[in-house]
Amino acid sequence: MLLIECKNINRYFGEGANRVHVLKNINLAIRKGDFVAIIGQSGSGKSTLMSILGLLDTPSDGTYAIAGVETSHMSADDLAAMRRKRFGFIFQRYNLLGSLSARDNVALPAVYAGIPHDERCRRADKLLGRLGLAGKEHNKPNELSGGQQQRVSIARALMNGGEIIFADEPTGALDSGSGENVMAIIRSLHQDGHTVIMVTHDPNIAAQANRVIEIKDGEIIADRSKTQDIAPSNVQSIQEKHGWAFYKDQLQEACSMSVQAIVAHKMRSLLTMLGIIIGIAAVVSVVALGKGTQQKILADISAMGTNTISIYPGKGFGDRTRHRIRTLTVADSRAIAGLSYVESTTPLSSGSGTLTFRNTDLSAGVYGVGAQYFQVRGLKLDRGRLFDEQEVRDNAQVVVIDRNTLRKLFPEGTDPLGKTVLFRKRPLTVIGIVKDGNSPFGPSDNLQLWTPYTTLMNQISGAKYISNITVKVKDNVNSQVAEKGINELLLSRHGTQDFFMNNSDSIKQTVESTTGTMRLLIASIALISLIVGGIGVMNIMLVSVTERTREIGVRMAIGARQRNILQQFLIEAVLLCLIGGVVGVLLSFALGVVFNSLVSDFSMLFSMASIIGAVLCSTAIGVLFGYMPAKNASKLNPIDALARD
Ligand SMILES: Nc1ncnc2c1ncn2[C@@H]1O[C@H](COP(=O)(O)OP(=O)(O)O)[C@@H](O)[C@H]1O
Ligand SMILES: [Mg+2]
């Protein structure tokens, strides 16, 4: 029976003037079970012919059928399937994959054929044992001698059945002892019914075959057979398995091979990841920092009093005449306090002047406020007491001071409570000390003192108008609605809009949106660094593909589909980026721990969203920047890939 049939095959290389005619009108038929040696001088076209017979290369013209099936119209994947199911290759330079153990090298064709893991390992071990390599299953190729490596590659050729064995100078790189050993194995394969097609330049080796075809300058010049009786062959090609388990297994295999490739080039992998690590760490840290800052500012605003509305004279904060505008009065404050949805109001009047205690003179501002003021503004008492409504009504000559005043005005060790200070020569008794406020703008150096507004206005400054009314709205009332009501009330009292308000909710919103914008801005800068990192990954993957072209060629020769190659390089890129992403997130956590232990004022807040985002982002970068190199790899021509060093 005819297994291989070539008609009028020509092969040219190069274009135009450089075109060389390497194979000239080859007509060849090989029967199943035969042992054929192709012999000729170096450069005569033997390897080219064998590559065409092995479906690693395509003829420029002519037809080639295997078991009656014409091959010229087959797709790359159909050709791969043919190689995988029926062919086994033995190369002069073994072509084992350096990062895989002997067993994994042997089992590789079965991975692409969908044979389950346990089954293919068993089969690989059996083949290795049969070829005298028991105990070497876990050795890497560089831990084996040349003869041993060639036997591993023979085992690989037999893995999927190896109905047709192609051997190109199988003994070319071996010493004579190992060479004879390999030839003995090849002869026994022939006896077992494998069809063997062997290329050699050595007549002694060719003599061991049944049929010797001599080729010279691309033409067959002699064809002799020892015998025409060929024992019927019963070598079967394997049954491929498909289905869900098959895809899962291939994915798993691609993952583990990617890990091996990454581990095999530790330094390069690390440098590749560095871009991603820095990018992801930057994004996550910046977002966490922004969130922490925002949280801090919002907390400060709430401490200042929630649901409060401040009313000022003038048209707005930019109004330069507003300090001269006299319009708000204590009566306004009382009227507002009468509204049903207002919890309390407190007027504020301020005055500045000299503050004296014993021999110390300081210039200071004193706020005249209502008893509710401290609560509305979120000021906390440190020692002593605050003044009450009664004292406000009575123009009591009392004052509450802050810690700045305490430090600057009183000598160390003096208890200020009960002491009398002079403000504009009027005596005021210190009754309480307030804790350092948490102003969103940081601690201030100002001295702050609070006395009842009645005391300040009636006894000290003589002012008739106040500079601000702070309104605390009841908790369940919408502050916008309250603002409108107060506005109407004041308009009816004043006749014109000679005042303006601002409410703490709108400050909060402004802060939220400002820090949000800042965060977006910084995060987008960090995103650019991520893209740069991604381009780094692409670069390395392109280098990696070029560097491993030969490996890709070997994989294709033993039957990898384009999809398998694409998948493997893509997984490698994604894995690199993912590891980079995870390391980046961890780095950012570490940064957070250090930062939070050094800075007590506010902390970095990590959100789940930013971490998930970072991981998704690095995966996307892997896919995006890994696809092009992976696609390039999968589109390589097997023979070109194999020929590359
Ligand atoms: N890819 C190629 N491009 C150009 N010329 C090639 C290519 N492959 C082989 N050749 C040429 O074809 C001729 C036969 O090569 P080859 O089949 O490898 O010879 P052999 O295996 O008999 O030594 C040589 O002259 C070689 O230079
Ligand atoms: Mg050759």
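The values are calculated or read from the model by the stated rules, or taken from the named source; none is laboratory data. Since the structure is predicted, the reported quantities are computational estimates derived from the model, not experimental observations. Methodologically, a virtual Cβ is constructed for each residue, glycine included, from the backbone with ideal geometry; neighbour enumeration extends over all protein chains shown.
For region 137-148, state whether one or more residues are within 16 Å of ligand 2 (Cβ to nearest atom) and either among the charged types (D, E, K, R) or assigned by TED's automatic domain parsing to the domain that holds Tyr112 (or both). No; the residues of region 137-148 include none that is within 16 Å of ligand 2 (Cβ to nearest atom) and either among the charged types (D, E, K, R) or assigned by TED's automatic domain parsing to the domain that holds Tyr112 (or both). Put simply, of Val212, Val152 the only residue that is away from ligand 2 (no atom under 16 Å from the Cβ), under 16 Å from Ala37 (Cα atoms) and modelled with pLDDT of 95 or more is Val212. Would you check if Ser51 is in contact (Cβ under 8 Å) with a residue 24 or more places away in the chain and farther than 24 Å from Ile186 by Cα? Considered against the rule, which asks whether it is in contact (Cβ under 8 Å) with a residue 24 or more places away in the chain and farther than 24 Å from Ile186 by Cα, Ser51 comes out as no.
For region 351-381, the candidate set comprises residues that are of a type in the set (Gly, Ala, Ser) and farther than 13 Å from Lys408 by Cβ; within that set, the residue that is surrounded by the fewest Cβ atoms within 10 Å (Cβ to Cβ) is Ser352. Ile213 fulfils the conditions (1) over 53 Å from the mean Cα position of the chain (by Cα); (2) free of Cβ contacts under 8 Å to residues at least 12 places away in the same chain except for a single criterion, (2). Counting only helices (runs of 4 or more DSSP H) that sit completely within region 89-206, those holding 1 or more residues that are surrounded by fewer than 20 Cβ atoms within 10 Å (Cβ to Cβ) and away from ligand 1 (no atom under 16 Å from the Cβ) correspond to 117-130, 146-158, 176-191, 203-206. For region 20-53, the candidate set comprises residues that are basic (Lys, Arg) and either within 16 Å of ligand 2 (Cβ to nearest atom) or over 21 Å from Asn210 (Cα atoms) (or both); within that set, the residue that is farthest from the chain's Cα centre (by Cα) is Lys24. Residues that are more than 16 Å from ligand 1 (Cβ to nearest atom) and part of a loop (DSSP other than H, G, I, E, B) are absent from region 59-66.
Going through (1) surrounded by 13 or more Cβ atoms within 10 Å (Cβ to Cβ); (2) among the hydrophobic types (A, V, I, L, M, F, W, C); (3) over 15 Å from Ser310 (Cβ atoms) one by one, Ile486 falls short only on (3).
Among the residues of region 37-58, those identified as in contact with a helix residue (DSSP H, G or I) (Cβ under 7 Å, 6 or more places away or on another chain) and within 8 Å of ligand 1 (Cβ to nearest atom) are Gly40, Ser51. Leu447 - would you say it is within 57 Å of the chain's Cα centre (by Cα) and surrounded by 14 or more Cβ atoms within 10 Å (Cβ to Cβ)? Against the criterion (within 57 Å of the chain's Cα centre (by Cα) and surrounded by 14 or more Cβ atoms within 10 Å (Cβ to Cβ)), Leu447 qualifies.
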